[in-house]
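The values are calculated or read from the model by the stated rules, or taken from the named source; none is laboratory data. Every value quoted in this text rests on a predicted model; they were computed, and no experiment measured them. Note that we place each Cβ from the backbone using ideal geometry, even for glycine, and neighbour counts take in every protein chain shown.
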Amino acid sequence: MHDDPDSRPIPPHNLTAEEWQTRRTTTPVALSERIRQEVEQEQRDRAARRAHTDAQIAASGPAQLWSAAFGSSVLHSHDIPRSTREALLAGQPVNPYEPGAFNQRDSIADWTFARFEHLHATKLQLRSHELTDEAISTVICAQRDRDTLAQLPWNDPDPDLTDITDRLRAATPHPGHDLDHRAYSDLFDRRRALARALQLSDREITSVSRWLTEQPLADADLQDPRSWRLGSPRWQQAVADQLPYPERVERPVGVFLAPHGRNGWALLPCVSIELMRLAHQLGGTVSENIAEVRIPRSRTDELLARININVLTAGYLSREDLDDTAKQARQLSDLLGRQLVLTAPALPIERWGRLSLRYTYLDPNDYASDKRDAIALTISTIAHKRLPARRFGSAGRDGLRQASVAMDMGEAIDRATSVGLPIVLSSEASGMAGTVRVGRMRGQPGRLTITAISGFEATTTTHYVEQAVGRLRTLAATSGAKVSADAAAAQTLRMFNARPLEGDEILFEPQQAAAAAMIQGSCLQASDTGCGKTVMSGRSLHHLVAAHRRFRGLLVCADGLLGQWREELSIGAPGRSMPPLCPDARVEILDGTRPLDGQLRRWHREAGDQALLVLCGEGTLDAHPRTLAARPWHLLLADEALRYVNPATVAHQALKQVRFAAVDQCWLLTATPKGKNVNGLDILMGLALGDESLLREQLATKEAGDLTDQTVAHRLRLGYGPHFQRVTSQQMNRYLPKAMPAKAIAVDPDPATQECLELVREGGRDAYRQLLRALKALRACDQVDKAAYKAALAEVSRAQATVLSNVAAFVDVSVDPLITQHSEAAIAVALRDHHVFQEAMVAGGQGMPLLRSYIARAIRDAVHADRQVLVFAQRIWGLRGLADSLRTVMGIDARVITGQNTAEEIDQLKAAFQAREYPVCLLSPVGERGHNLQSASQMVHLDLPWTEGQLQQRIGRAVRPGSLHDRVYTATPYLKGGGIPHVVGILAPRAAAHHQLLDSYDGIRAEDSALATQLVEITAQVADQAQASGRTATSARMRVAAAIFGD
């Protein structure tokens, strides 16, 4: 059968080829006999080893003591390590309750239970896996103390074993005497233990509430409704005097308030307390999950007379049938055998919460009879815009319920009461009766909830932190209730009440309050560019370091700014007369090319009690988040935090991992917190506070509305409270140069450039028409034919890429035709071969395009006026072309900073510019963030970015404390009808929303806003140009933005 060598069975790894051949050729009877012999031999060997060990035990006093206490099997157990066994057999004493005597701490408890069973010959129904860690420690410590009191000779190499069994038995009482019901980790075990202690019946075990299982046995009060599960018979008896039976139940569906997660509370749809009481009066029952009541069929008429029948449905009600009351009435009448007339629900809660009816058994455990003697009323919900599932939970047709997102207790109560939903308090919530609890709202950390709980009721008021402080002071003075704030609310109150650092010799007056708040808690530091985020952070670090022993901080910034951060923290800026910001801390820079663990351990060891600040590059964080999260940090500081705003990026995931796993306090620094979408505010705030709900739900910004509405924008800012810290340029105007309004210079294009723009525009129209055709083909494509569908998708992707590349090419030609020469876009490649392109390249004279020639002459005039000039652009080849023209045509030394420069080269170029060794510095996007270039007094925008954040970063390079000038001038030359007006059409509305959210809230007039100074003139010009060309919609959008900017 196995003549082919490759098909022969392979012998097992533990048998030789000969043994395997013998096994294969042995008959089944012979094989069975052989196996029996091997098993018997193994049993004889084990018995011999055991006899040998027993002989050694008889010769060792410590081993005999262990055997007398735990039984001889203990020394054959795998629960003790080899070192313990060998020591005992060698006559060396080992205390079983000392570390290392057993392999695990749980084993000590299990053998303590075995000791009782061995000495008292009693089976003990108790094991360590059933107990909490605290209970296991109690068992071990109590037995160790009794052994010490009884003077058992565990540490004696030659113990006196006279009457040792009696002495051990006297020192080993029942271990359960040291434990109560709270020792059990499982809720059912706790209930069962408590029921035994209180002599309850088996049927009442599940009626014991979770709250009662957490109370000491001495405090158990069986007359207290909180001691029983909601809706249970014992609960119904306990509330009989406090909650009379209702005459009628108008709102039978409510929400159940219960703990959710570590520190939050959630709402879950349930039957209301009134319906529970009515069910009891009618002889019915309430399910354990309070999602259903069952009423005897004989009481149907009375039920219908005393309940709001408009919320009843025959089975599950779909959204499509929600308003068809006639159909619902027919189905109910058919089910109940009674004619019913329904009216359309008038309130949102009636549309949201329904009771579906079906026939079932009155006792859920009695299925012996086929008679269905009860009507089951089961809750179900239909989402409503005023009662979204994320806030109120949901109940589906399959009986499954989904809780709401985690909220503060007061926030949850306030949500329910605001729409008129009945609230059913869990035993944990009602257990706080007689207290006033202060919490912080999830999603709006600047709003606090003040909740008072009494009996079955809870009242909540919500206040912004400014209002809450006065309210709490009044409560403390007039109320006898105990007022307590959770950790999050306490942090918010500390930050709000923080006193400004008036004695700080480095901080300016507007910075002192923000720095004081940063010391007290986590925040998003969103001060304007140039207003000293680094300085405020450094001084806040200095005060934190002074208050903490062995302070450890992790500071994350761009790789090119690591040296600047270390210099300012340790040395300061002597050129600006600024002393070191945090002189008492040791500052180190992580080398991402070497193992991080070794560097961190060495610095931690060498720093000792001194504070240690570790500077980490952004790339290092992205590559090694697990290593950085393995060590605890007092503080995490992340500069230029806008890079973390997208949850899908590696950067966001890396920062989140470190923040949630190892950080106590977090500061995120960015002058532009909004980004492209306002949702970024919630994401950054969630990272700063370590609030998962802000990251996941982004409720504050989703529910805010239109941020160009000043009231809406201000309400959103108020919701962040002191966790959003911002110092504005207007507050710092005494210490900053004045940013003059940008001069928008519209240049009429030359004929060659105009024709190039028309060619690109026509190509763009063709590409857009191709995209529409591709989308139409995709919609008509049958998805069953996968090959055709994939081909259609690929065609749509190609068309989209062509459209976008044409937009980029249009802007490139508008800024400088040289950029087009280095573009790979199809339209750019085709344009380079056209004769008008070469004409456009020299249309400005002296071998320069028109716009470049104009800008070069303007820069020459500024340099002759003894001004240092900064030129900004997104397009590197535009900067290089301008720099070349300045050097070769104008004779001006101009240097370019791009991403191709190393960090050392960038530092050298910055230092030379600050020392006025050359007059013109051209900056690509890599130079727009974080760099100090205060010697400049003139800025030029070669192009404009798509987002307001990048534009604001440009302003902050020159408008900074320590500037040598009173004013900074800006110019924005652009071609009429080119790509820059299109960019302004996108940029201006975003900047207007930014102003409403950030600047307007801080009392800054539109005309004084840094963004307004850059955009007001060009926005008005673009609006006029759009109106003149018949693009009224674009003109209207521009005029809205211009109006916000004050024009």
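Brief remarks on what is shown
- In region 260-300, of all residues being small (Gly, Ala, Ser) and in contact with a helix residue (DSSP H, G or I) (Cβ under 8 Å, 6 or more places away or on another chain), the one that is farthest from ALA429 (Cα to Cα) corresponds to GLY283.
- A search for C-beta distances below 8 Å between a residue of region 246-267 that is in the same structural domain as VAL311 (by TED's automatic domain parsing) and any residue that is assigned to a strand (DSSP E or B) and basic (Lys, Arg), counting only pairs 6+ apart in sequence or on different chains, returns VAL253/ARG354.
- Residues being β-branched (Val, Ile, Thr) and either in the same structural domain as ALA121 (by TED's automatic domain parsing) or without any contact (Cβ under 8 Å) to a residue 24 or more places away in the chain (or both) are entirely absent from region 217-240.
- Just one of the listed residues (ALA193, ALA197) is outside any loop (DSSP other than H, G, I, E, B), exposed (fewer than 14 other Cβ atoms within 10 Å of the Cβ), touching a helix residue (DSSP H, G or I) at 6+ places or on another chain (Cβ under 7 Å) and not assigned by TED's automatic domain parsing to the domain that holds THR313, and it is ALA197.
- Any chance SER797 is assigned by TED's automatic domain parsing to the domain that holds GLU762, of a type in the set (Ser, Thr, Tyr) and surrounded by 14 or more Cβ atoms within 10 Å (Cβ to Cβ): no
- Matching residues in region 98-128 - criterion: being surrounded by fewer than 17 Cβ atoms within 10 Å (Cβ to Cβ), in contact (Cβ under 8 Å) with a residue 24 or more places away in the chain and of a type outside the set (A, V, I, L, M, F, W, C): ASN103, GLN104, ARG105, HIS120
- Matching residues, region 832-864, being assigned to a loop (DSSP other than H, G, I, E, B) and more than 52 Å from the chain's Cα centre (by Cα): ASP833, HIS834, VAL842, ALA843, GLY844, GLN846, GLY847
- Selection from region 862-889 of residues that are among the charged types (D, E, K, R), over 20 Å from VAL813 (Cα atoms) and crowded, with 16+ Cβ neighbours inside 10 Å: ARG867
- Any hit, region 543-559, residues being surrounded by 20 or more Cβ atoms within 10 Å (Cβ to Cβ), under 21 Å from GLY721 (Cα atoms) and among the aromatic types (Phe, Trp, Tyr): no
- Residue among SER272, SER318, SER287 that is among the hydroxyl-bearing types (Ser, Thr, Tyr) and free of Cβ contacts under 8 Å to residues at least 24 places away in the same chain: SER318
- Taking the criterion of being charged (D, E, K, R) and in contact (Cβ under 8 Å) with a residue 24 or more places away in the chain, the residues of region 735-772 that qualify are LYS738, LYS743, ASP748, ASP750, GLU755, ARG761.
- Taken together, the residues in region 550-589 that are in a loop (DSSP other than H, G, I, E, B) and out of contact with any His (no Cβ under 8 Å at 6 or more places or on another chain) amount to 7.
- Flag not set for ILE205, criterion: buried (at least 18 other Cβ atoms within 10 Å of the Cβ) and among the β-branched types (Val, Ile, Thr).
- Extreme residue, surrounded by the fewest Cβ atoms within 10 Å (Cβ to Cβ), among residues of region 910-960 that are β-branched (Val, Ile, Thr) and in a loop (DSSP other than H, G, I, E, B): THR947
- Residue check, ASP664 assigned to a helix (DSSP H, G or I), of a type in the set (Asp, Glu), modelled with pLDDT of 90 or more and in the same structural domain as ILE519 (by TED's automatic domain parsing): no
- Among the candidates ARG390, ARG447, ARG415, ARG440, residue that is within 26 Å of VAL293 (Cβ to Cβ), modelled with pLDDT of 80 or more, not assigned by TED's automatic domain parsing to the domain that holds SER207 and not in a loop (DSSP other than H, G, I, E, B): ARG415
- Among (1) more than 24 Å from ARG440 (Cβ to Cβ); (2) of a type outside the set (Gly, Ala, Ser); (3) in contact (Cβ under 8 Å) with a residue 60 or more places away in the chain - the single one CYS666 does not satisfy: (1)
- Of the criteria (1) within 40 Å of the chain's Cα centre (by Cα); (2) surrounded by 14 or more Cβ atoms within 10 Å (Cβ to Cβ); (3) of a type in the set (D, E, K, R), which one LYS786 fails: (2)
- Candidates ILE892, ILE859, filtered to the one that is aliphatic (A, V, I, L, M), closer than 19 Å to ALA746 by Cα and buried (at least 18 other Cβ atoms within 10 Å of the Cβ): ILE859
- Candidates ILE295, ILE273, ILE290, filtered to the one that is among the β-branched types (Val, Ile, Thr) and over 42 Å from the mean Cα position of the chain (by Cα): ILE295
One line per residue, one yes/no per condition, for (1) surrounded by fewer than 21 Cβ atoms within 10 Å (Cβ to Cβ); (2) of a type in the set (A, V, I, L, M); (3) assigned by TED's automatic domain parsing to the domain that holds GLY254:
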{"residue": "VAL286", "(1), (2), (3)": "no, yes, yes"}
{"residue": "THR300", "(1), (2), (3)": "yes, no, yes"}
{"residue": "ARG306", "(1), (2), (3)": "yes, no, yes"}
{"residue": "ILE309", "(1), (2), (3)": "yes, yes, yes"}
{"residue": "LYS327", "(1), (2), (3)": "yes, no, yes"}
{"residue": "GLN339", "(1), (2), (3)": "yes, no, yes"}
{"residue": "PRO348", "(1), (2), (3)": "yes, no, yes"}
{"residue": "LEU355", "(1), (2), (3)": "no, yes, yes"}
